[in-house]
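The values are calculated or read from the model by the stated rules, or taken from the named source; none is laboratory data. Note that this is a predicted model, so its numbers are computed, not measured. Reconstructed Cβ throughout: ideal geometry from the backbone, glycine too, with neighbour counts over all protein chains shown. These accessible areas exclude ligands, DNA and RNA; they are computed on the full protein's heavy atoms, side chains included. Shrake-Rupley method; radii C 1.70, N 1.55, O 1.52, S 1.80 Å.
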Amino acid sequence: MLRDFRRLARLAAVGFAAAAAMGCQSGASVTVDISVPRPLVQPLDVDMGVYFDDTLKNYVHEEELEEYGDYRIDIGASQVPVFAQVFDAMFDRVIPVIQEPAVEDPTTPAASAAVSFRPVDGPRVAVDGILAPSIDEVQFAIPDQTGGEFYEVWIRYNLKLLGADGALLGEWPVIGYGKANQRNYGAIDQKEVALNEATIWALRDAAAWLSFQFPDQAEVQTWLTTLDDMP
């Protein structure tokens, strides 16, 4: 009986160790590197300034999933090239710009200070408008959480269209969604590869919205009409 008790104790210890190992799975760290093909769209006949803020350029999503480890998705280095490629196809001329310090007017409230931009390189040039994409959040799900087969990634952006004077003309949410089936990555656990693939598809999805949906927005059509009316 004593031998049976010790045997059961050893089996229980092994079971507890296995459960602990399953409950403390390692996470994943992904640095996304992506290029997108040039969209086949008719470019708008405008000179468009584009502004990328520091958060967009350096964005890293970090999250601890209880029982599944720490996850890190670095998309900062990929976002600007993706947006730049898309904007270059969408407009006749694209001018990267940076934001200048607000110009304070003592006769107006501080909140009314004008926002202005200037080209990153070269002399100041006239632009018809300015696009300023920013990132709001990243969410993801893994098969261990959902009980399904897919790694899924959602990226939510905010896209602002500003006039040449910096006034807000319109803004829209841009949501990119991507997924990758874990079955496509063999028997060996390749969660980082799958999560990277899902993130790439989310970025491509956002790029597709920009390419094909932006020109049809009512505020964009109104803005284009005002440009046509200018002497």
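Any residue at all in the stretch 88-108 that is open to solvent by 40 Å² or more (accessible area, probe 1.4 Å) and assigned to a helix (DSSP H, G or I)?
There is at least one residue in the stretch 88-108 that is open to solvent by 40 Å² or more (accessible area, probe 1.4 Å) and assigned to a helix (DSSP H, G or I).
Which of the residues belonging to the stretch 61-87 are under 18 Å from residue 157 (Cβ atoms) and open to solvent by 50 Å² or more (accessible area, probe 1.4 Å)?
Of the stretch 61-87, the ones under 18 Å from residue 157 (Cβ atoms) are 61, 73-87.
Of everything in the stretch 61-87, those that are under 18 Å from residue 157 (Cβ atoms) and open to solvent by 50 Å² or more (accessible area, probe 1.4 Å) turn out to be 77, 81, 85.
Would a scan of the stretch 42-58 turn up a residue that is at pLDDT below 80, assigned to a loop (DSSP other than H, G, I, E, B), closer than 22 Å to residue 223 by Cα and open to solvent by less than 80 Å² (accessible area, probe 1.4 Å)? Spell out the reasoning first.
Here is the first cut: in the stretch 42-58, the ones at pLDDT below 80 are none.
Within the stretch 42-58, none of the residues are at pLDDT below 80, assigned to a loop (DSSP other than H, G, I, E, B), closer than 22 Å to residue 223 by Cα and open to solvent by less than 80 Å² (accessible area, probe 1.4 Å).
Within the stretch 169-212, which residues are over 18 Å from residue 79 (Cβ atoms) and out of contact with any strand residue (DSSP E or B) (no Cβ under 6 Å at 6 or more places or on another chain)?
182, 183, 184, 185, 186, 187, 188, 189, 190, 193, 212
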